[in-house]
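Readers should treat all values here as calculations from the given coordinates under stated rules, not as data from a laboratory. If you're wondering where the values come from, they're calculated on a predicted model, not measured in any experiment. Here the Cβ is made from the backbone with ideal geometry for all residues, glycine too, and neighbour counts use every protein chain on show.
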Amino acid sequence: MVVSIRSLGLTGIAGYEVGVECFLSGGLPAFDVVGLPDAAVRESRERVRAAVKNCGAKFPVSRITINLAPAGRKKEGTLYDLPIFLGLMTAAGELDTPPQDAAFLGELSLTGALRPVRGVLPMAMAAQRAGIKTLYVPAENAAEATLAEGLTVYGAETAEALVRHLKGQQRLSPAVPWQDGDDIAQAPDLRDVMGQENCRRALEIAAAGSHNLLLIGSPGAGKSMLARRLPSILPDMTRQEALEATEVWSVAGLTDPRHPLLTHRPFRAPHHTVSAVALSGGGSFPRPGEISLSHNGVLFLDELPEFHKDVLEALRQPLEDGEVTITRASGTLRLPSRFMLVCAMNPCRCGWYGHPSGRCTCTDAQVQKYVSRISGPLLDRIDLHVRVPSVEYEAMRRRETPEDSATVRARVNAARARQHVRFTGTGISCNAHMPPSMLAEFCTLDDACEKLMQNAFSKLGLTARSHDRILRVARTIADLDGAESIEPAHLAEAIQYRNTDILKG
Ligand SMILES: Nc1ncnc2c1ncn2[C@@H]1O[C@H](COP(=O)(O)OP(=O)(O)OP(=O)(O)O)[C@@H](O)[C@H]1O
Ligand SMILES: [Mg+2]
Ligand SMILES: [Zn+2]
């Protein structure tokens with residue numbers, strides 16, 4: 001007889017339905033898994049065998065064939081342990097066929113306990129799309145599965161508990177949909193930053209419109225300190241944005257079982273020794289890299305020139321497209337990666353170039369060489385170039401406390417709310433993501449602005465891309481100001497941040 005149990009699988013960050021078919025036949029005892037399983041799937045045999053015995057059932061002595069359909073797609077991981085187990089129990093007559101609108105996933109331990117798996121949220125969403133009504137998962141994954149609306153989720157601690165539930169002997173209770181509770185995580189606050197009005201302003205603009213930012217300054221000027229305080233002023237995420245980010249984290253196995261939904265924008269700060277694959281994602285079963293983990297949040301690259309050249313160049317395509325394309329022999333895969341790039345660097349190798357103390361010991365050629373590690377195309381994609389001066393003594397010793405993050409965040413949220421109204425129904429959420437076609441509509445310039453732009457274009461040698469980027473930043477500055485249209489002051493401020501001369505000394 002053939003028993004078919006519904007389950008799910010993952011390709012990249014997309015879930016799909018998998019049918020686990022279990023067939024017992026005469027012949028020498030054997031256990032085969034077909035349907036492109038990887039090693040972890042094939043090893044399920046041992047875990048399932050132990051779990052069946054631990055349930056007090058007899059492991060069928062026959063030729064067992066498991067087919068994972070669609071058989072042409074590669075299957076990975078340990079989540080098929082549970083459906084295979086149920087298929088065997090059913091085929092052996094220990095259990096009635098489970099309801100056809102239910103799906104199962106989970107890893108078994110040798111004791112029969114159910115262990116959590118990765119990627120539960122995208123799989124639960126796929127289940128819901130496939131018309132599945134009930135989803136059975138390991139207890140630790142239950143909260144995450146409830147984020148996909150319209151499913152009844154059961155979390156089971158052990159295979160035995162699940163069997164008792166299916167037999168109607170001892171029912172499990174459905175998982176309660178997860179609700180965001182009190183937030184305890186405290187991000188570092190802008191209140192600690194003395195002076196640096198210019199940089200604080202640039203951070204605020206960047207956060208309000210999701211613009212890319214580069215901080216340049218001497219050692220100890222406070223670049224890392226400022227960037228680390230960015231999460232505290234990032235705008236709230238919509239539910240949709242939070243779910244998108246959580247899907248990626250789920251596939252990477254990074255979600256917290258007690259707090260499965262990302263309610264704060266992600267902030268990723270990989271070390272400069274990061275590899276291209278770890279940054280962009282990849283592997284034989286592709287995993288999201290740092291740029292995808294920063295989706296809807298921030299990717300912070302501290303000490304920018306120290307990153308490997310290939311790694312930095314790999315950022316170019318995702319920065320424009322908002323997704324990264326990974327090509328494998330098995331096909332192409334797209335992972336979301338719409339992040340805000342924040343970088344920090346010293347102006348030269350010794351770090352003191354341009355410092356009033358004049359202690360830089362680098363030659364002009366050395367400065368050039370250091371700075372040229374950042375390619376022109378990458379710099380052109382950064383909207384705000386900001387010099388971080390060493391903080392002045394008076395500012396450092398000033399008594400009054402600087403503005404705190406909550407106040408700044410309120411302004412950022414207000415500016416973002418204006419953007420949400422502007423972009424309703426367009427599928428984008430902030431100024432930085434405006435395609436060129438929208439610029440004509442939302443960033444009209446009056447005569448005075450036109451003149452200003454024309455001047456800047458010839459003086460600064462702007463590219464077509466930087467022209468568009470300036471318009472987007474100007475739109476954000478106008479939004480922070482509560483202005484309907486871009487005024488000369490807004491545009492002038494946006495142009496000033498585009499002063500790539502900083503890197504030429
Ligand atoms: N504006 C400031 N207000 C208060 N403290 C500051 C300020 N700027 C810097 N500091 C202090 O200096 C320390 C060093 O700053 P930070 O690590 O951000 O420097 P950096 O610019 O990243 O330097 P490097 O180039 O060496 O990485 C901070 O941890 C903080 O204690
Ligand atoms: Mg630093
Ligand atoms: Zn120097």
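Please check which bits of the stretch 95-123 a label hung off Gln169 would reach, taking the label as a point 7 Å along Cα-to-C-beta and the cut-off as backbone N under 16 Å.
95-97, 112-113
Straight distance only, please: which lysines reach the Cα of Lys451 with their own Cα at less than 24 Å, same-chain residues fewer than 8 apart left out?
Partners within reach: Lys459.
For the chain, what proportion of DSSP beta bridges, expressed in % and rounded to the nearest 5, is antiparallel? Can you show the working numbers first?
Details: 29 of 59 bridges.
Roughly 50 percent of the DSSP beta bridges within the chain come out antiparallel.
In nm, to one decimal, how far is the modelled label at Val61 from the one at Ala448, with both set 7 Å along Cα→Cβ?
9.4 nm
Determine which lysines satisfy two conditions relative to Lys309: a Cα distance under 29 Å, and not lying fewer than 8 residues away in the same chain.
Lys223, Lys369, Lys504
Quick check: the distance between the Cα centres of the stretch 210-270 and the stretch 333-349, to the nearest angstrom?
Spelled out, the Cα-based centre of one part sits 12 Å from the other.
How big is the gap, in Å, between the Cα center of the stretch 145-163 and the Cα center of the stretch 388-406?
The two parts, judged by their Cα centres, are 52 Å apart.
Hey, which of these cross-link pairs are over 25 Å Cα-Cα: Lys133/Lys167; Lys58/Lys133; Lys53/Lys167? Kindly include the intermediate steps, with their values, before the conclusion.
On the way: Lys133/Lys167 18 Å; Lys58/Lys133 30 Å; Lys53/Lys167 17 Å.
Distance filter (> 25 Å) returns Lys58/Lys133.
Give, rounded to the nearest 20 debye, the magnitude of the charge dipole that the stretch 373-447 has about its Cα centre when Lys and Arg contribute +1 at Cβ and Asp and Glu contribute -1 at Cβ.
Values: 11 positive and 10 negative charges, 72 e Å.
The calculation lands at about 340 debye.
Please report, largest first and rounded to whole Å, the three semi-axes of the ellipsoid equivalent to the stretch 1-141, where each semi-axis is the square root of five times an eigenvalue of the C-alpha gyration tensor.
22, 16, 15
How about the stretch 366-440: which GluC sites (Glu not before Pro) there are in a DSSP loop, with at most 13 other Cβ atoms within 10 Å of their Cβ?
Glu392, Glu400
Please list the radius of gyration and Dmax for the stretch 413-505, considering alpha-carbon atoms only, with Å as the unit.
Spelled out, the Cα radius of gyration and Dmax of the stretch 413-505 are 13.3, 44 Å.
Let me know the Rg and Dmax you get for the chain when you use only its Cα atoms, in Å.
Expressed in Å, the Cα Rg and Dmax of the chain come to 27.4, 88.
Working only with C-alpha atoms, what are the Rg and Dmax values of the stretch 151-278, expressed in angstrom?
Values for the stretch 151-278 (Cα only, Rg and Dmax): 21.1, 69 Å.
Computed FRET efficiency, Cβ-Cβ of Val34 and His272, R0 51 Å: what is it to the nearest 0.05? Mind dumping the intermediate values first?
On the way: r = 45 Å, r/R0 = 0.88.
Working from the Cβ atoms, E equals 0.70.
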